[in-house]
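Worksheet: the structure to be examined is printed underneath.
The values are calculated or read from the model by the stated rules, or taken from the named source; none is laboratory data. Please read these numbers as outputs of a predicted model, since none were measured by experiment. Glycine gets a Cβ as well: all are built from the backbone with ideal geometry, and neighbour counts include every protein chain shown.
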Amino acid sequence: MMANARIPALIAVDSMKSEAPALYNGFMAGSFRDLPNKRTPYKSEDELVEEVKSDFEATWKLGFGTIQRNQYLDKHLSNYAIKAHLLSLGYTSFEDVPEVERIQIYRSGNFPNWDTIVEEPISG
């Protein structure tokens with residue numbers, strides 16, 4: 001299981017808020033919620049963070065190396081968020097990650113250069 005899904009959930013929501021405010025506002029308005037809560041606004045940002053946390057925990061409930069439904073990290077996370085997540089686990093490069101877990105990071109199997117991954121603004 002993901003040790004603390006709140007941290008990546010906070011990163012995801014914070015990045016969305018600062019880099020894609022229209023998307024953030026759509027989430028806060030409840031536009032992307034599942035039924036029966038569709039279009040029901042979140043009462044607070046913390047409620048949104050908790051829902052994202054629950055989604056992350058459901059995706060990785062069997063552990064980092066055993067992702068359900070063939071969910072790769074790049075489905076939910078940007079390159080920067082993937083790097084931040086791996087750094088939080090103590091890895092300093094993609095090569096440090098054991099092969100059995102590394103194959104679950106990028107669906108394509110193509111890894112960007114670790115040293116060139118930086119946080120970039122989302123255009124739009």
Checklist outcome for this item: So the helices (runs of 4 or more DSSP H) completely within region 72-124 holding 2 or more residues that are in contact with a Leu (Cβ under 9 Å, 6 or more places away or on another chain) are 79-88
Checklist entry - Can you tell me which residue in region 69-92 is nearest to Ser15 (Cα to Cα), limited to those that are at pLDDT 90 or above, buried (at least 17 other Cβ atoms within 10 Å of the Cβ) and among the aliphatic types (A, V, I, L, M)? => result Ala81
Checklist entry - Does Glu119 meet the test of being at negative phi and surrounded by fewer than 17 Cβ atoms within 10 Å (Cβ to Cβ)? => result yes
Checklist entry - Restricting attention to region 24-46, which residues are aliphatic (A, V, I, L, M) and free of Cβ contacts under 8 Å to residues at least 12 places away in the same chain? => result Leu35
